[in-house]
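Below: the structure, in structure tokens.
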Amino acid sequence: MSDLYEADLALWSQQQAEALRGAARAGTNLPIDWENVAEEIEALARSERSSLASHVNTIIEHLARLEASPATDPRNGWIVTILRTRGRIAKVLKSSPSLERFLDDILAEEHPPALRLVGRVLALYGETPRVPPDDLHYSLEQVLGPWLPGDAP
């Protein structure tokens, strides 16, 4: 079991929560708050998924800024953020590879809010988008891989 803990924290957390609930149903004389312990362990897995979603959102946002914004100065900073965030995603997936199965859903969930934010930020700065943010869409390969929009330095 400790091998799974080292290999995939999210999957280990889910399995442990199920095991704790099974032990609670079977009855035990230990003074352990089994249900809340199980909830906390499940919260670890939810936290890992939430972290992954946040990182995906950040990459979508910055890819969209690169494509839509006419600004030139912040471009290198946006690229650095994309590269750094891709590294963070790799770390999350290395510690919890079972989360890979959620990536398509996360990508679909995170596109609309990230693109809305880009539209609002461009408006806040009085920028006219080169491409309407709502017209942009990124594949999983574009988000996780080395791809950057064509005009990026």
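The values are calculated or read from the model by the stated rules, or taken from the named source; none is laboratory data. Just so it is clear, the structure is predicted and the values come from calculations on it, not from any experiment. When we count neighbours, we look across all protein chains shown, and the Cβ atoms used for this are built from the backbone with ideal geometry, even at glycine.
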Query raised in the report: Are any of the residues in region 35-44 of a type in the set (Val, Ile, Thr), on the phi < 0 side of the Ramachandran plot, in a helix (DSSP H, G or I) and touching a His at 6+ places or on another chain (Cβ under 8 Å)?
Result: no
Report summary line: In the set Thr72, Thr81, the lone residue that is without any contact (Cβ under 8 Å) to a residue 40 or more places away in the chain, crowded, with 16+ Cβ neighbours inside 10 Å and not small (Gly, Ala, Ser) is Thr81
Query raised in the report: If you go through region 111-133 one residue at a time, do you hit one that is assigned to a helix (DSSP H, G or I), under 26 Å from Ala7 (Cβ atoms), without any contact (Cβ under 8 Å) to a residue 60 or more places away in the chain and within 14 Å of the chain's Cα centre (by Cα)?
Result: no
Report task. Can you work out which of the residues in region 91-104 that are part of a helix (DSSP H, G or I), touching a helix residue (DSSP H, G or I) at 6+ places or on another chain (Cβ under 8 Å) and not acidic (Asp, Glu) is modelled with the lowest pLDDT? Result -> Ser95
Report task. Output the residues belonging to region 92-106 that are under 11 Å from Leu140 (Cα atoms) and surrounded by 16 or more Cβ atoms within 10 Å (Cβ to Cβ). Result -> Leu103, Ile106
**Report entry** Flag if Leu44 is over 21 Å from Pro149 (Cα atoms), surrounded by 14 or more Cβ atoms within 10 Å (Cβ to Cβ) and at pLDDT 95 or above
**Finding:** no
